[in-house]
Ligand code: ADP
Ligand code: MN
Ligand code: MN
Ligand code: MN
Ligand code: MN
């Protein structure tokens, strides 16, 4: 872990702060447009000045970018459109400045291949009367500039897993500064971040977003990821969402998706939870395909049936069982209502695909 190797960490932030504290004209707002690139995992952003203070996202103009530089089009027909869909307060530039999540559309106004929001929204609108709620547990791993987990010895490995999960102390957790900064930045931005914890593998962390209804869970999760990359950049550290960053006896990273409908949350909702699990058991393959950006390939490395995972090949469910595909939390089984936890989504999943698959299987019986 050599921080001097990170050009960003080496910069003098005091000088930056001199310019960031210059007064900003009241009618000039910096809007940073953020979108998902052609990998389905990477995020891109660029900024424009808006000459008024926007109060809702629909006031923001459609914009465009060079899709041939983001694996989203050919150079000969490269203009790709940005449609603003969700607006957040900007925790980096402060004031009236905004972070703007966008959908991407091709020259012919059809969604790009990695615009998974378009069809997700259709499903969410059809199922709106069932009031679907989601809470996603985003796990991630911090890496140094050499691609090694942050804080791990250059040659060799840290001691075996055991003391790190929810740990405290300099030999237990690495880069808590990033976690704390990200948490506050998300709260400031208006993201419904509900908690955070250190994970089982050292330098692996988790935060939770939710519960959120419908499309907003994925909008908020994507922007929380952008903020995470942006905060870590400031510290000269990289974030990977790879679901198995270290092979061997090290836990992988997931994005457990907790899910409920209005019926499940009401008295004796456990009947509806069990009914949903029955439907999920019949669509295992559809879900595995939707739960990582490579149609199940990435999750092959993670869902081995070991290290708190289920096998990628079989569907299983159980109360308080962390080795199952779907877990009913103990408290929900006791109260006979609540939610279920789908443990299969990989940390690099697209939450639009995950929540769309769940809604189509459970709510729309497709
Ligand atoms: P775990 O015990 O699996 O580590 P966490 O506490 O990390 O669970 O995450 C639980 C998630 O479940 C949170 O994101 C929370 O918002 C979400 N959640 C709680 N109640 C519901 C509900 N009724 N429907 C959907 N999600 C819920
Ligand atoms: Mn240019
Ligand atoms: Mn958790
Ligand atoms: Mn976890
Ligand atoms: Mn979980």
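Coordinate-derived values only; no laboratory data. Owing to the predicted nature of the structure, the values given are computational and were not obtained by experimental measurement. We place every Cβ from the backbone using ideal geometry, glycine too, and count neighbours over all the protein chains shown.
Full extension of the segment from residue 322 to residue 229, taken as 0.36 nm per residue of separation minus the current Cα-Cα distance, would add 30.6 nm. To the nearest 0.05, how large is the calculated FRET efficiency for residue 176 and residue 107 if R₀ is 35 Å and r is the Cβ-Cβ distance? The formula returns an efficiency of 0.20 here. Panel order for 325, 78, by other beta carbons found within 10 Å of each beta carbon, from fewest to most: 78, 325.
Remark: the residue 53-residue 294 segment gains 82.8 nm on full extension, using 0.36 nm per residue and subtracting the alpha carbon distance. Between residue 366 and residue 146, the modelled labels are 4.7 nm apart [label points 7 Å from Cα along Cα→Cβ]. Full extension of the chain segment joining residue 39 with residue 314 gains 96.2 nm, where the gain is 0.36 nm per residue of separation less the Cα-Cα distance.
Assuming R0 = 45 Å, what is the FRET efficiency of residue 129 and residue 17, from their Cβ-Cβ distance, to the nearest 0.05?
0.35
FRET efficiency for the residue 184 to residue 306 pair, using the beta carbon distance and R₀ = 30 Å, is estimated at 0.25.
The orientation-averaged projected area of the convex hull spanned by the Cα atoms of region 93-159 comes to 10.2 nm². Counting every pair of alpha carbons in region 64-197, the share spaced more than 25 Å apart comes to 54 percent. By the count of other C-beta atoms within 10 Å, a proxy for reagent exposure, 322, 353 are ordered fewest to most as 322, 353. Placing dummy labels 7 Å off each Cα toward the beta-carbon, the span from residue 10 to residue 28 is 3.2 nm.
Got the relative contact order for region 124-364 handy, in percent, Cα pairs under 8 Å and 6 or more residues apart?
24
How do 20, 340 rank when sorted from fewest to most other Cβ atoms within 10 Å of their own Cβ?
Least to most surrounded, the residues fall as 20, 340.
Mean residue ellipticity, 222 nm, helices only, the chain: the sum of -39500 (n - 2.57) across DSSP H runs of n ≥ 4, divided by residue count and rounded to 500, is -7500 deg cm²/dmol. Determine the shape class of region 303-366: with a ≥ b ≥ c the square roots of the Cα gyration tensor eigenvalues, call it rounded for a/c under 1.5, and otherwise prolate if a/b is greater than b/c, oblate otherwise. Oblate.
Taking square-rooted eigenvalues a ≥ b ≥ c of the alpha carbon gyration tensor, is region 7-114 rounded, prolate or oblate, where a/c under 1.5 means rounded and, failing that, a/b exceeding b/c means prolate? Kindly include the intermediate steps, with their values, before the conclusion.
Values: a/c = 2.53, a/b = 1.49, b/c = 1.69.
It is oblate, given that a/c is not under 1.5 and a/b is not larger than b/c.
Taking 15 Å as the cut-off, no amide N atom of region 252-283 comes nearer than this to a point 7 Å along the Cα-to-beta-carbon line of residue 330. For the chain, the alpha-carbon radius of gyration amounts to 1.01 times the rule-of-thumb value 2.2 N^0.38 Å expected for a compact globular protein.
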